[in-house]
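Please read the structure below before turning to the comments.
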Amino acid sequence: MPKDSLSITDNRTGRTYELPIQDGAIRAADLRQIKAGADDFGLLSYDPAFMNTASCRSAITYIDGDRGILRYRGYPIDQLAEHSTFLETAYLLLHGELPSAQALDDWEYGVTHHTIIHENIKKFIDGFHYDAHPMGVFVSAVAGLSTFYPEAKRIEDETSRKNQIFRLIAKTPTLAAFAYRHRVGMPYAYPDNDLSYTGNFLNMMFKATEVKYAPHPVLERAIDVLFILHADHEQNCSTSAMRGVGSSHADPYSAMAAAAAALYGPLHGGANEQVLRMLREIGSLANIPAYIQRVKQGEVKLMGFGHRIYKNYDPRAKIIKLTADQVFDVTGKNPLIDIALELERIALQDDYFVSRKLYPNVDFYSGIIYEAMRFPVDMFPVLFAIGRTPGWLAQWQEMLLDKEQKIARPRQVYTGSPVRDYVPIEKRT
Ligand code: SDX
């Protein structure tokens with residue numbers, strides 16, 4: 001009977017070691033016993049950018065990149081996008097099970113009644129330049145929230161964690177909308193508890209002089225679906241930041257500010273903004289071949305394409321494409337969609353992209369929908385952050401409750417100078 005183990009022979013010493021294999025992995029710590037001599041620290045595993053390293057055991061999200069599979073707590077993403085709501089999906093990610101009707105009512109009530117932010121945060125947001133990027137405002141405001149809820153430092157207290165989770169899920173749309181209203185010089189539109197989570201977000205974003213904002217149901221549902229699709233994605237860059245900062249037992253606001261900062265990067269959640277800028281730069285179908293050439297020459301990336309895990313089509317991109325048609329029925333068709341579709345058609349048949357397994361990811365089509373709904377391009381990463389908030393919090397909480405976890409502190413392979421003595425300045429060449 002084959003054993004779930006790895007037999008390793010260290011050719012430096014001729015010694016053989018047997019390492020257990022569990023869940024398709026070996027423990028990197030088991031390599032430490034492999035030494036070339038008595039004063040040897042022991043073998044490390046070297047994995048820049050963690051291309052092949054599991055940082056944790058998690059029960060939240062499952063991805064099969066080769067088969068384009070994404071499941072939250074075992075439920076396929078396409079079923080959740082069709083049948084669930086963002087708040088129900090947030091509950092699922094955080095609690096591990098779909099809620100009963102009563103539990104969902106209680107959950108929605110809790111989120112709805114935490115949407116207002118302290119008036120001093122408005123002053124904080126007012127302090128930014130009018131043209132401050134809303135993601136910079138958002139990251140700062142999330143960090144600033146930690147000063148309003150000092151009890152959030154009690155990360156070991158379940159009730160405190162629950163309160164901060166309610167606050168962060170509830171207040172991120174408010175912070176996002178306030179950052180936008182500051183950007184466009186509009187008065188802040190306060191939360192309307194009569195509306196759904198996404199309906200209220202649209203209200204705070206776009207309410208003008210009407211007494212009561214009425215969200216368009218198709219657009220309200222489209223945003224809800226987009227938030228579901230963005231809700232979690234296992235150990236991506238920003239979630240790793242959430243877990244890493246959270247592992248020092250920093251409060252969840254500070255940890256989530258770090259996660260949002262990581263998401264801001266153009267290779268991650270900032271890609272949706274860059275996709276729109278790329279499509280605008282291309283400008284017409286006729287310009288696509290020249291742009292593809294620039295990509296092949298390594299001059300630019302095809303933003304919204306490629307993924308560390310998905311070496312097949314990102315399942316979220318398929319659902320977003322379907323949602324786009326429903327939105328365009330209301331908003332009118334975004335002309336950039338034709339450029340995006342042609343770009344995708346060309347890329348999917350071009351060996352440069354096929355050989356590198358580059359397919360549209362979640363960011364390729366989302367921005368086209370957001371723009372059609374009159375969100376400015378620099379709000380796109382903020383929209384991604386709202387959607388990802390429950391995932392970050394679920395992963396943060398799972399890390400805190402995981403008895404195997406402790407403060408994250410990777411090792412290194414040192415490549416610097418050997419020991420040397422200090423040289424007085426007069427003797428330096
Ligand atoms: C998200 O991790 C997650 O789960 C993230 C996310 C989530 O939900 O949290 O899914 C959200 O961040 C989606 C990705 C959004 N980013 C972009 O769309 C930016 C453009 N894409 C990339 O920069 C890139 O594809 C990454 C960052 C997404 C993945 O990069 P990898 O896995 O490190 O792959 P790589 O950079 O090593 O690329 C492998 C090859 C390289 O070519 P060679 O050096 O082998 O010749 O593919 C090329 C890359 O140059 N390549 C691209 C490309 N992406 C990779 N070439 C052109 N255009 C691209 N978009």
Restricted to the stretch 369-399, and to residues that are aliphatic (A, V, I, L, M) and within 14 Å of the ligand (Cβ to nearest atom), which residue is nearest to residue 321 (Cα to Cα)?
-> 383
Any idea which of (1) buried (at least 22 other Cβ atoms within 10 Å of the Cβ); (2) within 16 Å of the ligand (Cβ to nearest atom) is the one residue 351 doesn't satisfy?
-> (1)
Going by the conditions given, is residue 254 over 24 Å from residue 72 (Cβ atoms), more than 11 Å from the ligand (Cβ to nearest atom) and touching a Ser or Thr at 6+ places or on another chain (Cβ under 7 Å)?
-> yes
Looking only at the stretch 178-204, which residues are over 16 Å from residue 127 (Cα atoms) and part of a helix (DSSP H, G or I)?
-> 197, 198, 199, 200, 201, 202, 203, 204
List, please: which pairs have Cβ atoms under 8 Å, are six or more places apart or on different chains, and start with a residue in the stretch 122-136 that is assigned by TED's automatic domain parsing to the domain that holds residue 171 and end with one that is of a type in the set (D, E, K, R) and surrounded by 11 or more Cβ atoms within 10 Å (Cβ to Cβ)?
-> 130/183; 131/183; 132/183; 133/378; 134/183; 134/378; 135/378
For strands (runs of 3 or more DSSP E) lying entirely in the stretch 1-90, having 2 or more residues that are over 25 Å from residue 310 (Cα atoms) picks out 5-10, 15-20
Answer residue from the stretch 257-277, given it is within 10 Å of the ligand (Cβ to nearest atom), aliphatic (A, V, I, L, M) and under 17 Å from residue 304 (Cβ atoms) and is surrounded by the most Cβ atoms within 10 Å (Cβ to Cβ) among those = 275
Are any residues in the stretch 141-175 basic (Lys, Arg) and part of a helix (DSSP H, G or I), and if so, which ones?
-> 153, 161, 162, 167, 171
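The values are calculated or read from the model by the stated rules, or taken from the named source; none is laboratory data. Being a predicted model, the structure only gives us computed values, none of them experimental. Methodologically, a virtual Cβ is constructed for each residue, glycine included, from the backbone with ideal geometry; neighbour enumeration extends over all protein chains shown.
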